[in-house]
Structures are given as C-alpha cells and as structure tokens.
Amino acid sequence: MNQPAHTHGGPPGGQQFPEPTVKLTEGWHSLHMYYRVDQAALNAVHEHHRAEGREQLAQILNPERDGAPERIQTFVASGSKADFGLMAMDPDPLKLDAICNEIRSSRLGPALIPSYSFVSITEVSEYVPTVEQYAERLRLEGTEPGSPAFEAKLNAYSQRLPMMNKQRMYPDFPNFPVHCFYPMNKSRHPHANWYTLPFSKRVELMAEHATSGIKFAGRVSQLITASTGFDDWEWGVTLWGRAPEHIKEIVYTMRFDRASAIYAEFGPFYISYVMAPNDAISHVRL
Ligand code: 76R
C-alpha cells in the first residue's frame, strides 16, 4: 500500500529501485551520423532558404551553442559512402537524437540524406586492469614485488588509471585532423568463438592488444564505445590520427594481435577530416 511510483515493476517486498531514466548511471550516449547530399534536392531549395539553411546547420553543429551536447565534432567524409559526418556525446540520448531531427527539419533537410549511423555508449572495458590486477601482471612479467621498479610502475599506473577511465567514460576529443570510424564484433564462429573463451584467456589476449596499441600513443587516439543491444555491431571504433598514415598503420598492425587476427569482424570503414562546421558546409558546397 502507498507504494511510491518509482517502485513500479519491482518485486513484492518493497525493494527500492532508482527512478526510471533514459540517462546512463555513468558515462555518455554516443552518436555517429553520416550524411550524403542529394544535389537535385539541394538545387530545389530556394536561394535565400539555402543561405538560411546553411546558418541553421552551422548552428546545430556549433559546439558552443546553448543546449549543445557535451561533445560534438563535424568532419568531411572521403569517398562515396558519405559527404560529411558528425559525432556527438551526451548523458541524454534525446539530445543526440534531436540533432538528427533538427538537421532533417532545417531548410537544407530535404537535401541531407542520412547514409550511416552508429549508436553506442561509453564504457570501461572489463579488461582494463584494476591496480591489483596490474600488480599481478607486473609480477607475472618478472618485476619483483617491492622492488623500486615495481613500486614506480604500480604508482604511475594508480595515478594514471582514474584519468584514463574518465577519458573512456567522458572523453575529450583530441585535436587531431583525421577521423576514422568502423564498427566491430568479436566472432562467435564455432572455431573462433570469443564468447566461449575463459575470462583469463580473454584478459591475456586483450593485454597483448593493449601492448601493441600503446605504441601509437601520440599519433593515434582511440575511443571504443559499446553498442551491444544498441546497434548491429558490438563496438564502435573511433580513431583520431595526427596524420593519415598512422590510421593505416594502426589498423594494419593491430590485425596481427590475436584478439583481432582470430576474433575480430569489421564493418564498413569511414575516413574523414575534422573541420569547423562552416568550413565543412563550404567544403561540401551546401
Ligand atoms: O590501458 C589498458 O590496458 C586498456 C587496454 C585496452 C582495452 C581494454 C585497449 C587498448 N583496448 C581495449 C579494449 Mn583497444 N582497440 C580496438 C581497435 O582494428 C582492430 O584490430 C580493433 C579495433 C583498435 C584499433 C584499438 C586500439 N579495444 C578494446 C575493445 C573492447 C573489448 C571488450 O571490452 O570486450 C575493442 C573492441 C577494442 C578494439 N586499444 C588499446 C587500441 C589502442 C591504440 C590501445 C592502447 C592505447 C590505450 O590504452 O589508450
């Protein structure tokens, strides 16, 4: 009796659940959108509506505007899959969804055809070692517990970990001009089923993966967002490169990690160049 509304659906016995919400308890929603320009539809937009539409689009994509999502970045996409794209993150998924609706209902909307989208959320992977697991890893690698080297490495890791996890959950976008996106799965093939491997084996393979990835520090910045239950693939891989060749090199190199060589399946690759909204709008000749 007198059950408060927020216990709806809870088991008998009055167990308390948090208020239902579309926001994440921790982390951000993420949206990647790619658009193609329909030139015939663009030609049909009246000239002064077109100028107004450009302004509307620049404003929608402006990271500084009132009500902007926590993160938003615009890029121009190479090749025929898309003309331009955006990536946005926020605690509120409806704020991200609103961007698509604002673009569609703008003066240029009829000419901007979504050609690809990817919906995901941030996460700290279960394979990111805790400080205790990192100590164990050092020990297994032959660093003597209690030695100065051991203490220094462990200390550095425990200093770094909170910042690295913050960057995974609430990422800052790096100031790199090359943007690469692709979705991926870990395979469930009968002869290469990631999901039937014991956790200890997956940890070992992911540690090898991290060791090969870390060599690209300063040249490539990676963001892995999780999409199981949210989109058709299990993860979205976003890479930002200081220069384009690093993207090719990292994707090629990491294919030799056993975690990728044996278990990774990839979707389409999008390569784009980051631009301020107005520059992107001019570049694609809207
Ligand atoms: O610091 C750490 O120990 C974190 C280690 C780490 C994890 C847990 C890590 C490091 N990754 C992790 C998780 Mn990654 N990553 C990819 C791809 O193209 C391919 O072959 C695969 C796409 C790249 C390029 C890449 C880069 N990583 C993951 C996961 C989630 C797995 C899960 O949770 O089940 C995926 C799908 C994935 C895929 N990874 C790194 C990199 C790089 C460059 C690093 C080292 C740099 C860093 O730690 O910031």
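The values are calculated or read from the model by the stated rules, or taken from the named source; none is laboratory data. Every value quoted in this text rests on a predicted model; they were computed, and no experiment measured them. Cβ placement follows ideal geometry from the backbone for every residue including glycine, while neighbour counts extend to all protein chains displayed.
Data for the structure
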item	result
Residues satisfying the stated conditions in segment 204-220, i.e. assigned to a loop (DSSP other than H, G, I, E, B) and among the basic types (K, R)	R219
Neighbours by Cβ (under 7 Å, 6+ apart or cross-chain): first from segment 249-261, among the polar types (S, T, N, Q); second more than 9 Å from the ligand (Cβ to nearest atom) and at pLDDT 95 or above	none
Residue match in segment 80-99 (condition: of a type in the set (S, T, N, Q) and either within 22 Å of the chain's Cα centre (by Cα) or over 24 Å from G236 (Cα atoms) (or both))	no
Segment 46-68, residues that are crowded, with 19+ Cβ neighbours inside 10 Å and either β-branched (V, I, T) or assigned to a loop (DSSP other than H, G, I, E, B) (or both)	I60
Residue list for segment 231-269, filter: of a type in the set (A, V, I, L, M, F, W, C) and over 26 Å from P190 (Cβ atoms)	L239, W240, A243, I247, I250, V251, F269
Filtered residue count, segment 135-173, keeping only those that are buried (at least 16 other Cβ atoms within 10 Å of the Cβ) and not in a helix (DSSP H, G or I)	3
Qualifying positions in segment 197-216 - more than 6 Å from the ligand (Cβ to nearest atom) and either within 18 Å of N165 (Cα to Cα) or among the charged types (D, E, K, R) (or both)	K201, R202, V203, E204, A207, E208, T211, K215
Some residue of segment 125-148 being within 16 Å of the ligand (Cβ to nearest atom), under 16 Å from the mean Cα position of the chain (by Cα) and of a type in the set (S, T, Y)	yes
Long-range neighbours under 6 Å by Cβ, at least six apart or interchain, first residue touching a residue at least 24 places away in the same chain (Cβ under 8 Å) and buried (at least 18 other Cβ atoms within 10 Å of the Cβ) within segment 178-205, second polar (S, T, N, Q) and part of a strand (DSSP E or B)	H179/S272; F181/T238
Looking only at segment 222-280, and only at residues there that are within 11 Å of the ligand (Cβ to nearest atom) and among the hydroxyl-bearing types (S, T, Y), the one that is nearest to Q59 (Cα to Cα)	T238
Of residues in segment 235-275 being in a helix (DSSP H, G or I) and of a type in the set (V, I, T), the one farthest from G85 (Cα to Cα)	T253
Subset of segment 23-53 [of a type in the set (V, I, T) and at pLDDT 95 or above]	V37, V45
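Matching residues to (1) more than 19 Å from L223 (Cβ to Cβ); (2) among the aliphatic types (A, V, I, L, M):
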position	(1), (2)
E132	yes, no
E136	yes, no
L161	no, yes
M164	no, yes
R168	no, no
